[in-house]
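Visitor: Structure in structure tokens, see below.
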Amino acid sequence: MKLTNYNKIISANWKMNGSLSLIDEFKRFFTKNYENLNNDIAVIICPPATYLYKFNEVIKNYNNIFIGAQDCSNKENSARTGDISASILKDIGCEYVIIGHSERRNHYNEDSDLIFEKIDCALKNNLKIIFCIGENEDEKEKLKTFEIIENQIKNIFSSACTPLNTIIAYEPIWAIGSGKTPKVDEIETINDFIKKKLKSKYNDNFSNNYKIIYGGSVNTNNYKEILLSKKIDGVLVGGSSLIIDDFSKIVNFNKY
Ligand code: PGA
């Protein structure tokens, strides 16, 4: 199914966490629950790169469950000790890669130029991207959220991104791992703003099809409200994706 045809996208970002036994827990969960999962919901699990191959064995027979990497190199295969290229990720069964996560922007000084190169490598190798954007606390207080977001999505304008290969994840940095979240109507306003900017840039209606998901302290207290919004196309879940009971509630948001 095309990315644009999914109703909701639920992605798990394990960050530098997880274990072989957590993969087994997910395996048991999918074996037991797959038949009941709506097939218009895409589930994308992004474990550390070392676990991708094994996780792919777990999900390869499920149509709407995918694996994604948390990052890729900005270079094609070459002498880059320690790096992992988009083509290697594709080779082991990856469908998605997260690019531009604020933890990479902040801890590794990833700037717009580098992020653009990563987007380019990912798309050239037929990976789809989960492109993260969002303001920090200081920028929020100075009412710069819209300006920051507009600057960050310029990478989309200048790249080969389309609604068929790109998910935009709005992740306010102050909300990540903090237990704080914007109100649902604030997220909706940001999503409307992103859609408006994409539409005016491309001057077409196809840009309306970009999936815009939310990330930052999504947990068992707030997932329903966020996922039931018609203007929010899904979630990117960090901490709560490491607890299978919590993640299973989120995946089954429309059931209970
Ligand atoms: P969190 O992380 O759910 O732990 O806040 C989300 C993310 O950084 O993708």
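The values are calculated or read from the model by the stated rules, or taken from the named source; none is laboratory data. Please read these numbers as outputs of a predicted model, since none were measured by experiment. Virtual Cβ from ideal backbone geometry, glycine too; neighbours counted across all protein chains shown. Note: accessible area is taken over every heavy atom of the protein model, side chains too, but ligands, DNA and RNA are not part of it. Shrake-Rupley method; radii C 1.70, N 1.55, O 1.52, S 1.80 Å.
Visitor: Tally up the residues in segment 78-104 that are of a type outside the set (D, E, K, R) and open to solvent by 70 Å² or more (accessible area, probe 1.4 Å), please.
Guide: 5
Visitor: Here are some residues: Asn165, Asn221. Which one is in contact with a strand residue (DSSP E or B) (Cβ under 6 Å, 6 or more places away or on another chain) and open to solvent by 20 Å² or more (accessible area, probe 1.4 Å)?
Guide: Exactly one residue qualifies, and that residue is Asn165.
Visitor: Could you tell me which numbered condition Met16 fails, if it satisfies all but one of (1) away from the ligand (no atom under 16 Å from the Cβ); (2) among the aliphatic types (A, V, I, L, M); (3) under 25 Å from Ile176 (Cα atoms)?
Guide: (1)
Visitor: List, please: which pairs have Cβ atoms under 6 Å, are six or more places apart or on different chains, and start with a residue in segment 172-189 that is under 18 Å from Ser240 (Cβ atoms) and modelled with pLDDT under 95 and end with one that is in a helix (DSSP H, G or I) and among the hydrophobic types (A, V, I, L, M, F, W, C)?
Guide: none
Visitor: Follow-up question, since we're still on this one. State whether one or more residues within segment 185-207 are touching a Pro at 6+ places or on another chain (Cβ under 7 Å) and within 16 Å of the ligand (Cβ to nearest atom).
Guide: The answer is no, given that none of the residues of segment 185-207 is touching a Pro at 6+ places or on another chain (Cβ under 7 Å) and within 16 Å of the ligand (Cβ to nearest atom).
Visitor: Considering only residues that are within 13 Å of Asn7 (Cβ to Cβ) and open to solvent by less than 10 Å² (accessible area, probe 1.4 Å), which ones fall in segment 206-218?
Guide: Listed by number, the list holds a single entry, Ile213.
Visitor: Which members of segment 1-25 meet the condition of being over 18 Å from Gly234 (Cβ atoms) and either touching a His at 6+ places or on another chain (Cβ under 8 Å) or in a helix (DSSP H, G or I) (or both)?
Guide: Selection gives Leu20, Ser21, Leu22, Ile23, Asp24, Glu25.
Visitor: For the list (1) away from the ligand (no atom under 16 Å from the Cβ); (2) under 18 Å from the mean Cα position of the chain (by Cα), I need the number of the one condition that Asp71 fails.
Guide: It is condition (1) that Asp71 fails.
Visitor: Please determine whether any residue of segment 24-44 is open to solvent by 10 Å² or more (accessible area, probe 1.4 Å), hydrophobic (A, V, I, L, M, F, W, C) and more than 20 Å from the chain's Cα centre (by Cα).
Guide: Yes: one or more hits.
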